[in-house]
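First, the structure itself, so that you have it in front of you.
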Amino acid sequence: MVAHLVRLRFRLLFNGFRRSTAVLVSAILGAVWALFVLFGLVAGMFALAFVPPQWAWTVAVLGGSVAVLGWLIVPLMLRGMDDSLSVAKLRMFPIPPQRLLVALLAVGLLGIPGIVTLLVAVSTTLSWIREPLALIAAPFAAVLGVLICVAASRAFEAVGASLSAGRRYREVMSVVVFIPLILLGPIISVAGSSIETIGDDLPRIAHVASWTPLGAAWSIPGDLALGRPLEALAKTAIALATLGVLLLLWRRSLAVLLVSPPSSSSGSKASKGLGPFAWYPGTPTGAIAARTTVYWLRDPRYGGSLIVLPVLTILAIFMAATGSEWFLVLLGPFFAAMLAITLCAEISYDGTAFASHLSSGVTGVADRTGRVITLAIMAVPLVTLATVIPLLILDHSAHIPALLGVAYGLLLTGFGVSSIASARFLMPVPAAGESPFKSPPGASFTSQLGMFAAWAIVFVLALPELVLAIVSFATGQIVFGFAALIVGVVLGAVFMVLGIRRGGALIERRGPELLTSLRRARGA
Amino acid sequence: MTEDPSTPVVLTPDTPAPPIVAALRIAGLKKAFGDKVAVDDLDLTVPTGSFYGLVGPNGAGKTTTLSMATGLLRPDAGTIEVLGTDVWRDTVKAKSLVGVLSDGVALFDRLTGEQLVTYHGLLYGMDRETVAQRTADLLELLDLNDAGRKLVVDYSAGMTKKIALASALVHAPRLLVLDEPFESVDPVSAANIRDILAGYVRGGGTVIVSSHSMDLVQRMCDHVAVIGSGRLLAAGTTDEVRAGSTLEDRFVELVGGRQHSEGPSWLRTS
């Protein structure tokens, strides 16, 4: 039975590759890259044999702890990444939970992440090539560590699922979990300035981690090599206890999951009345604006695309603090460029639900306008604040008209251009309900190119206000700044109206074809 | 093609006199996906005021045909008229006459049921008061009053069908095209929906349903067409098509592919 499920897992993997050459090619590229990294890691482990054992131990404990954490966090982020053998799908078969647990553990271990972790973990043995006692213990400790990784990952997933967390909770979590990750860049660069001092702290951190369930298993061979057999024994006990508790936890929630499917309806509470539908005028345009407002509020894919804005802000503030202000000065135009382009994915986000626009015969202009209105209500204040506040704080208020002109120009022109772009090509986006950061298979090169082309067109069309703003910067004459503001708003508005008209006509003409490709994108 | 559109079966005395224009007239319809022909030179006329059943095996081209008839899929060749309006020439007018429930198409399911029906109403350009009135009526009619405030994504499959039906009805279309409307709907709701549809037909509307349930079609529809491999195999009043036998037997006879075996021996437990 165990062997059967493992075989099924590989069969699913290979059949997935057979679906398209693009997937196969990217899988091969990914595999080559992974092998490269793997080789580097193994070589590194071997190199550690020739430094003081204290260092090999520190690396093993910290690396191992990070691996366990990774196994815990990554499945949370990439929800649905590999649910080919989920409990839900196996529920109907008469498999006792005990057997299923062993089988799923083996499947997790023999998946690609499992194999890679196992190889790297076992390669830590190489670090102890000069310490006989540790050399013998290392492979066993490594296997124990990897088992903890897999069991922890599976147990937390099962516990989470058996808690029947509502849909809303999962959607919010899938965004929230990403915030620290995106902020990692700035954090590391902040920390980077004091990396020397951290270097001295690493053994201390490792020492603490080695007494926690995260690092205990990885510490065993090092403790033996450093002549701390009692500590090694204690940590073996901690690691075994960890594995035992995890397996127990997993088994219990598995038993619950096998008999009672996690309810999916606990997520939504009754909401009040028509919500945004009461705020907008009762026209097709108003209805579409109201609907996109609801989606901005409720669909994590929309909000998720905004997560880049706070990140940009923090990055800009950080750069300003370290001496280069230019990014903070230009924050407003950056916001404008990011926001305007989000419209490009709108129809892709609709998916086949776009059929209701098509079958109602709503005009393309109403469709385009409604979407632009919602985004504008959000984007115009945001861009205004992001332009004005930094300039006031940095005491560059003379630049406000020029940069506001550029920002509005980019934003309005972007509305127009992406109104056409989203009617012209579809973006590969995750389906409704999937993790907003999951990149769908076949994220095709052409649509990426289409998006960059849209961006390039926006900048070319916004050249007049850009040039005026640069002149105003160069000469320091505020007249040019006001000229940039007027040109930006007027020209941007013209491009926006043109774009909405053209995009609307395009949607009316190509509607059925768009729906056909949307159906195909969903594998229907 | 034994069909005679000028003599629809009169259901009730107050049905308006048989009009000359058909509710739906399809002529020479063709559609191929790559080298797979989905609809092959199909002709079909649905008389106004009829309750028309469209049956066929899986992959026969029912959904493809209905998609083309409602302006969701562009045909390769052929003409489609809804109440005399060419669907692919005067698209907007044709669409305003038709209410659609598509199979295999998502809804905007992050809206509540009430919001979804309102959205559809407003998309058709109706004013807010009428939409609010009709939404309330439809939710009441389909027993969705409590669910109206919940998100559609959290609905059961049957409730989703019902809210989709409400969305298709809200603009009071003259022709209702329903692709698999009874799939995963419980018997009580199905009976309620049938009553609503029958009342709609009595009021002068036309309904086209596609279904796999022969029993249901035989009881519910006054006209029926059998489609197989993208072609029309039989069409006419239900009594004509079934020709004394049951619709199911007649269907199997027309479509073929029935196997007469008792299954493998190991499946017999006694």
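The values are calculated or read from the model by the stated rules, or taken from the named source; none is laboratory data. The structure displayed is predicted, hence computed values, not measured ones. Cβ placement follows ideal geometry from the backbone for every residue including glycine, while neighbour counts extend to all protein chains displayed. Side chains are part of the model used for accessible areas, which takes the heavy atoms of the whole protein and leaves out ligands, DNA and RNA. Shrake-Rupley method; radii C 1.70, N 1.55, O 1.52, S 1.80 Å.
Give me the percent of Cα-Cα pairs in region A:282-367 that sit more than 21 Å apart, rounded to a whole number.
Above the 21 Å cut-off, region A:282-367 has 46 percent of its Cα pairs.
Return the subset of B:Lys36/B:Lys95; B:Lys62/B:Lys161; B:Lys93/B:Lys161; A:Lys89/B:Lys162; B:Lys31/B:Lys93; A:Lys89/A:Lys235 for which the Cα-Cα distance in this structure is over 30 Å, preserving the input order.
Beyond 30 Å: A:Lys89/A:Lys235.
Could I get the Rg over Rh figure for region B:138-197? Both from C-alpha atoms, Rh via Kirkwood, rounded to two places.
Using Cα coordinates only, the ratio equals 0.93.
Considering only the other residues whose Cβ falls under 15 Å of the Cβ of A:Leu101, what net charge follows from Lys and Arg at +1 and Asp and Glu at -1? Can you show the working numbers first?
Details: positive: A:Arg91, A:Arg99, A:Arg154, A:Arg251, A:Arg252; negative: A:Glu157.
Result for the neighbourhood of A:Leu101: +4.
Starting from 0.36 nm per residue, how many nanometres of slack lie between A:Ala398 and A:Leu41 once their C-alpha separation is accounted for?
Difference between extended and current length: 123.2 nm.
Of all DSSP beta bridges located in region B:79-218, what percent are antiparallel, nearest 5?
Percent antiparallel among DSSP bridges in region B:79-218 is about 25.
I'd like the interface area for chains A and B: accessible area of each alone minus the complex, both sides summed, 1.4 Å probe, protein heavy atoms only. What is it in Å² to the nearest 100? Write down the numbers at each step before the final one.
Working: alone 26390 and 13780 Å², together 36630 Å².
Roughly 3500 Å² of accessible surface disappears when A and B pair.
Please list 3J(HN,Hα) in residue order for region B:104-119, calculated via the Karplus relation 6.51 cos²θ - 1.76 cosθ + 1.60 where θ = phi - 60°; whole Hz, with x for glycine and proline.
Each residue of region B:104-119 in turn: x, 10, 6, 9, 6, 8, 8, 8, 6, x, 4, 5, 5, 5, 4, 4 Hz.
Tell me the relative contact order for chain B as a rounded percent, counting alpha carbon contacts under 8 Å between residues six or more apart.
26 percent
Can you put A:Ser517, A:Ser418, B:Ser265 in order of accessible area, largest first, using a 1.4 Å probe?
Per-residue accessible area, sorted high to low, gives B:Ser265, A:Ser517, A:Ser418.
Then there is this: Could you tell me whether region B:62-215 comes out rounded, prolate or oblate from its Cα gyration tensor? Rule is a ≥ b ≥ c as square roots of the eigenvalues, rounded for a/c under 1.5, then prolate if a/b exceeds b/c, otherwise oblate.
Prolate, because a/c is 1.5 or more and a/b exceeds b/c.
I'd like the FRET efficiency for A:Leu449 and B:Asp186, computed as 1/(1 + (r/R0)^6) with the beta carbon distance as r and R0 of 51 Å, rounded to 0.05.
Once the sixth-power term is evaluated, E becomes 0.55.
Only bridges with both residues in chain B count here: give the DSSP antiparallel percent, nearest 5.
55 percent
Another one. Multiply the residue separation of A:Leu230 and A:Val245 by 0.36 nm, subtract the distance between their alpha-carbon atoms, and state the gained length in nm to one decimal.
Gain on extension, A:Leu230 to A:Val245, equals 3.1 nm.
Could you work out the Rg to Rh ratio of region A:299-346, with Rh taken as the Kirkwood radius (inverse of the mean 1/r over all Cα pairs)?
1.07
What would the Debye equation give as log₁₀ I(q)/I(0) for region B:18-130 at q = 0.14 Å⁻¹, counting only Cα atoms as equal point scatterers?
The Cα Debye sum returns log10 ratios of -0.68.
Computed over the Cα atoms of region B:48-94, what is the ratio Rg over Rh, Rh following Kirkwood? Write out the running numbers ahead of the final one.
Details: Rg = 11.7 Å, Rh = 11.8 Å.
Value, to two decimals: 0.99.
In region B:59-158, what trypsin sites (Lys or Arg not before Pro) fall in a loop by DSSP, with at most 13 other Cβ atoms inside 10 Å? Don't skip to the answer; put the middle values down first.
On the way: sites: B:Lys62, B:Arg89, B:Lys93, B:Lys95, B:Arg110, B:Arg128, B:Arg134, B:Arg149, B:Lys150; in loops: B:Arg89, B:Arg110, B:Lys150.
Hits after loop and neighbour filter: B:Arg89.
Further question on the same structure: In Å and on Cα atoms, what radius of gyration and Dmax does chain B show?
Cα-based Rg and Dmax for chain B come out at 19.1, 66 Å.
Can you give the Kirkwood hydrodynamic radius for region B:157-254, in Å, rounded to one decimal and based on Cα pairs?
Hydrodynamic radius (Kirkwood, Cα only) of region B:157-254 equals 14.3 Å.
Order the following by accessible area, largest value first: B:Ile208, A:Ile389, A:Ile400. Probe radius 1.4 Å; ligands, DNA and RNA are ignored. Spell out each step's value before the answer.
Numbers: B:Ile208 5, A:Ile389 85, A:Ile400 30 Å².
From most accessible down to least: A:Ile389, A:Ile400, B:Ile208.
Run the simple label-point estimate for A:Leu309 and A:Val388 please: 7 Å along Cα→C-beta, distance reported in nm.
Those two pseudo-labels are separated by 1.6 nm.
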